[in-house]
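Novice: Could you have a look at this structure, given as structure tokens, before my questions?
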Amino acid sequence: MPLEPFKTSDALTLGVELELQLVNLSNFDLTDASSDMLHLLRRASLPGNVTPEVTESMIEINTDIHTNHTELLEQLQRIRDTLVRAGDTLNVGVCGGGTHPFQHWPERKIFAKPRFKEVSAIYGYLIKQFTVFGQHIHVGCASGDEALFLLHALNRYVPHFIALSASSPYFQGIDTQFNSARLNSVFAFPLSGRAPFLLRWADFENMYFAKMESTGIVKSMKDFYWDIRPKPEFGTIELRVCDTPLTVERAAALACYLQALCQYLLTQAEAPPTEDDYLVYNYNRFQACRFGLDGSLVHPKTHETISLREDILTTLRKMEPYAEMMAGQPALEHLYRTAHEGSDASYLRQQYVERGSTESMVDAAIHRFRDGCP
Amino acid sequence: MPDLLPIISDLAWPFALAIAWIAGEFGHRWTGLPRISIYGLVGFLLADTQAGLLPRTDSVSIMLLANIAFGLILFELGYRINLRWLRTNPWLGVTSLVEAGGTFAAVYLVAQRFGMPFISSLLLSSLAMATSPAGVLRVVNEQRSSGQVTERILHLSAFNCVLTVFTFKVVVGLWVFQSTGDVLHALWNSLIVLLVSAAIGGLFGLAVPGLLKKLGNSGRDATVAFAIAVIILVALTHTLKFSPVPAALAFGLMARHRRVALSQAQQNFGALGNLLTVLLFVFMAATLEWPMVMAGAGLALALMAVRFAVKTAGVVAFARVSGITWRKGLLTGMALTPLSAFVILLLEQTRHLGIGLMDELAALAAITLLLEVIGPIVTQWALVLSKEVPDTTET
């Protein structure tokens, strides 16, 4: 099936998807509850949409299309409250976090849906190990060319989103010393990484996708696990590097930061992206995963080493006028505080130090999701 | 030449355990039936009045071991119960009261119709309310199931066990009062025993996690500490003639809700739990005698049908309003079939009062045998149908 045409959407509109954890409140391990939750949520009037994810202990929610921070946050909070209520009815804890700190992956169950069974057959244990939880942000683009431009122009900012959203320090019961261990699981997939450097939609369609399709490796865009991928049927690009934050407030803030960045990039204020920008891409990405806000970056154009935290703070200041146009000021303020006080990964580690077990980290995450943060 | 008889009698239990375990493993592999059903069957067949391998089970030490086995299971069940759920979903509490209360009333009516004496009818009805925590928990663990049917049968089973112990003690109190006219004696043997037992369990639930915290057990496995505490608790309540059932359950509940630091404990108490389960199920079925089972069979079948129908209807009625599908409600109700193992333990405990209830309640012997074997099969079947059991064909 050839790639469908790129559907035009209103530029810079936003949509957010969150993959969330379903937790057993007795032992704080993941629990297979998505079918039961979905049944109940279909009866409640949930704003946005809710869908199953590949294993039974995950659930995915997504918002409608929004233009500004206020609306987006308000809807995310309503979705969260509905989820929490459903969880209360079924004795299931709902929380964010990029990984569950101690779940044992062989115990996961694949959700009964043909596509999930199919990928499970291809990838084997990788799929169960892929019980990790991400935030995906969609930004509307006026055309396929604009989508590809933004996708590549954003390459230098990908580490910002990794470090600000990082919430997966523990994996399989141990402190990985990473801030986002989740992305290591994503990297195990053969079609992960970054999109090929093509700036025109026609080229992408004919020179890349059609060829890949003829190899038989891919059938649709869904088969690519890239950090940022175009989504022609929505007319968006989708940023996929974020861990699901512990609160919907941070999820909304990250989305609005991306929106402001895209608006800024569309003004052509920066030198256009080139293939050589990607020389430092994987290294910078690693720095953000491993050290979070304390990491350092190599600037793709100047090749100088800069502190990731400093770079984020500078960029946030630069984004102020763009965010203001879309009522995104509170989002930037939220991220300022995050950059100073530390990410969710630091918060989780702190919980471990104070309360002494991985179970208490999950308990803390459940409370934080429910109560939110300003 | 040494006397052969005591030697054979000493060897009876170890061999019975081995036979039951082997039968359980092969039986489970060939037929897919729950292991505990097979243990029960083996225990019954080997008992004194049947094949005669096992001596009459008045042995205090085996009784104590069985109580410890049951104590471990009740502790684990208590540890998995979230009392807050009753507040966030009040319909769960309603479901429990309706299915248990309905069972009590229905069984009482049937027993009366069969001409059973008043007190015996009441005792039988209170015992019929309980779903076997051992049966349910072992099947859940064996099948590694999780989901609403699983969560709900665990909670409903814990609740209806508490209701059973409570009404049973009240009826025993009534019986003591009727036969002795001594109110104090009656109260002591019912409510006081119940409350004190639960209080002792609760104290353990505060003390053990506290001790673990003192030890600075971050990340360490707390299984051994909890197991030893359960053994002490059961021995203590057993010796002081209190009831180990509410004690162990309260211990688990308190340990869960008052946990100072969360700590990991091995599910099932690992190999120790498995070993004692074999013993528990063999022991319980071995107390049953074939002639009694036959004598009570008619009434038993009627009671089983009524119990099954009322429990299922009671859960289904509140399925949707409590947040699950009709189908899952139906399966939850059916999965409550196993009759509680502690029926036997409760009755054994009342022997010291001079109540030979077991002899009066022939029907109970038949029900226990049938439901100890059939009950777990129904539970397993319900869990499989509810798709809460991992698909073994998955890669």
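Novice: Which residue pairs have Cβ atoms closer than 8 Å, lie 6 or more positions apart in sequence or on different chains, and pair a first residue in region A:31-45 that is facing chain B (nearest Cβ under 7 Å) and more than 24 Å from A:PRO101 (Cα to Cα) with a second residue that is modelled with pLDDT of 90 or more and part of a loop (DSSP other than H, G, I, E, B)?
Specialist: If the second residue must be modelled with pLDDT of 90 or more and part of a loop (DSSP other than H, G, I, E, B), the pairs left are A:HIS39/B:ILE324; A:HIS39/B:THR325; A:LEU40/B:GLY323; A:LEU40/B:ILE324.
Novice: Could you please tell me which pairs satisfy a Cβ distance under 6 Å, a separation of 6+ or placement on different chains, a first residue in region B:187-207 that is touching a residue at least 12 places away in the same chain (Cβ under 8 Å), and a second residue that is of a type in the set (Lys, Arg) and in a helix (DSSP H, G or I)?
Specialist: Going by the 6 Å Cβ cut-off, the qualifying pairs are B:SER190/B:LYS169; B:LEU194/B:LYS169.
Novice: Please find, within region B:57-115, the residue that is modelled with the lowest pLDDT out of those that are within 19 Å of B:ARG258 (Cβ to Cβ) and among the aromatic types (Phe, Trp, Tyr).
Specialist: Of everything passing the filter in region B:57-115, B:TYR79 is modelled with the lowest pLDDT.
Novice: Ok, one more. Pairs only if they're at least six apart or on different chains, beta carbon under 7 angstrom, first in region B:155-180 and away from chain A (no Cβ under 14 Å) and buried (at least 23 other Cβ atoms within 10 Å of the Cβ), second among the small types (Gly, Ala, Ser) and outside any helix (DSSP H, G or I); list them, first residue then second.
Specialist: B:ASN160/B:ALA130; B:CYS161/B:ALA130; B:CYS161/B:SER340; B:THR164/B:ALA130; B:THR164/B:SER340; B:VAL165/B:SER243
Novice: Evaluate the following for B:VAL149: is it β-branched (Val, Ile, Thr), over 11 Å from the mean Cα position of the chain (by Cα) and within 12 Å of chain A (Cβ to nearest Cβ)?
Specialist: The answer is yes for B:VAL149.
Novice: I'm told B:ARG29 meets every condition in (1) crowded, with 17+ Cβ neighbours inside 10 Å; (2) more than 24 Å from B:GLU151 (Cα to Cα) except one. Can you identify the failing condition by its number?
Specialist: The number of the failed condition is (1).
Novice: Any residue at all in region A:205-218 that's assigned to a helix (DSSP H, G or I), in contact with a helix residue (DSSP H, G or I) (Cβ under 7 Å, 6 or more places away or on another chain) and closer than 22 Å to A:LEU279 by Cα?
Specialist: no
Novice: In this structure, is A:CYS262 in contact (Cβ under 8 Å) with a residue 60 or more places away in the chain, touching a strand residue (DSSP E or B) at 6+ places or on another chain (Cβ under 7 Å) and either part of a helix (DSSP H, G or I) or under 27 Å from A:GLN350 (Cα atoms) (or both)?
Specialist: When the stated conditions are applied, A:CYS262 passes them.
Novice: Specify the residue that is nearest to B:PHE281 (Cα to Cα); the eligible residues are those in region B:44-90 that are out of contact with any helix residue (DSSP H, G or I) (no Cβ under 7 Å at 6 or more places or on another chain) and crowded, with 17+ Cβ neighbours inside 10 Å.
Specialist: In this case the residue turns out to be B:LEU45.
Novice: Pick out the one residue from A:SER45, A:SER35 that is in a loop (DSSP other than H, G, I, E, B) and among the polar types (S, T, N, Q).
Specialist: Selected residue: A:SER45, the only one of A:SER45, A:SER35 that is in a loop (DSSP other than H, G, I, E, B) and among the polar types (S, T, N, Q).
Novice: Sticking with this structure for a sec: From the list A:SER214, A:SER220, pick out the single residue that is of a type in the set (Gly, Ala, Ser) and more than 21 Å from A:GLU17 (Cβ to Cβ).
Specialist: Exactly one residue qualifies, and that residue is A:SER214.
Novice: Step by step: first the residues of region A:89-98, then only those that are within 24 Å of B:ASP391 (Cβ to Cβ) and in contact (Cβ under 8 Å) with a residue 60 or more places away in the chain, then the one that is surrounded by the most Cβ atoms within 10 Å (Cβ to Cβ). Which residue is that?
Specialist: Per the stated criteria, the residue is A:VAL92.
Novice: Further question: Conditions: (1) touching a helix residue (DSSP H, G or I) at 6+ places or on another chain (Cβ under 7 Å); (2) part of a loop (DSSP other than H, G, I, E, B); (3) farther than 23 Å from A:LEU335 by Cα. A:PRO190 meets all but one. Number of the miss?
Specialist: Looking at each condition in turn, A:PRO190 falls short on (1).
Novice: Do you know which residues across region B:220-259 are modelled with pLDDT under 85, within 14 Å of chain A (Cβ to nearest Cβ) and crowded, with 16+ Cβ neighbours inside 10 Å?
Specialist: Within region B:220-259, B:ALA222, B:THR223, B:ARG256, B:ARG259 qualify.
Novice: Looking at region B:83-140, which of the residues that are among the basic types (Lys, Arg) and more than 14 Å from every other protein chain (Cβ to nearest Cβ) is farthest from B:ALA363 (Cα to Cα)?
Specialist: B:ARG138
Novice: Surrounded by 14 or more Cβ atoms within 10 Å (Cβ to Cβ), over 28 Å from A:ASP10 (Cα atoms) and over 22 Å from the mean Cα position of the chain (by Cα), is that true of A:TYR352?
Specialist: yes
Novice: So, in region B:106-120, of the ones that are surrounded by 14 or more Cβ atoms within 10 Å (Cβ to Cβ) and under 28 Å from B:ALA158 (Cβ atoms), which residue ends up nearest to the chain's Cα centre (by Cα)?
Specialist: Once the filter is applied, the top-ranked residue is B:VAL107.
Novice: Considering only residues that are of a type in the set (D, E, K, R), surrounded by 16 or more Cβ atoms within 10 Å (Cβ to Cβ) and closer than 26 Å to A:ALA253 by Cβ, which ones fall in region A:1-53?
Specialist: Residues satisfying the conditions are A:GLU17, A:GLU19, A:GLU53.
Novice: Just to be sure, is A:THR13 more than 14 Å from chain B (Cβ to nearest Cβ) and either on the phi > 0 side of the Ramachandran plot or touching a residue at least 40 places away in the same chain (Cβ under 8 Å) (or both)?
Specialist: Spelling it out, A:THR13 is indeed more than 14 Å from chain B (Cβ to nearest Cβ) and either on the phi > 0 side of the Ramachandran plot or touching a residue at least 40 places away in the same chain (Cβ under 8 Å) (or both).
Novice: Given B:LEU276, B:LEU331, which one is of a type in the set (A, V, I, L, M), part of a helix (DSSP H, G or I), under 17 Å from the mean Cα position of the chain (by Cα) and closer than 27 Å to A:GLU107 by Cβ?
Specialist: Residue meeting the stated conditions: B:LEU276.
Novice: Just to check your reading of the model, which residue among A:THR63, A:THR99, A:THR89 is farther than 29 Å from A:ILE174 by Cβ and more than 14 Å from chain B (Cβ to nearest Cβ)?
Specialist: The match here is A:THR63.
Novice: Now a separate question. Which ones in region A:198-217 are basic (Lys, Arg) and without any contact (Cβ under 8 Å) to a residue 24 or more places away in the chain?
Specialist: Within region A:198-217, A:LYS211 is the sole residue that qualifies.
Novice: Among the helices (runs of 4 or more DSSP H) contained in region B:172-252, which hold 1 or more residues that are farther than 17 Å from B:PHE70 by Cα and of a type outside the set (A, V, I, L, M, F, W, C)?
Specialist: B:183-187, B:193-214
Novice: State all residues of region A:248-302 that are surrounded by fewer than 23 Cβ atoms within 10 Å (Cβ to Cβ) and of a type in the set (Ser, Thr, Tyr); if no residue qualifies, say none.
Specialist: Within region A:248-302, A:TYR264, A:THR267, A:THR274, A:TYR278, A:TYR281, A:TYR283, A:SER296, A:THR302 qualify.
Novice: For region A:1-22, enumerate the residues that are over 20 Å from the mean Cα position of the chain (by Cα) and not small (Gly, Ala, Ser).
Specialist: Passing the criteria: A:MET1, A:PRO2, A:LEU3, A:GLU4, A:PRO5, A:PHE6, A:LYS7, A:THR8, A:ASP10.
The values are calculated or read from the model by the stated rules, or taken from the named source; none is laboratory data. The structure presented is a predicted model; accordingly, all values stated were derived computationally and were not measured. Here Cβ is always computed from backbone atoms with ideal geometry, including for glycine, and neighbour counts include all displayed protein chains.
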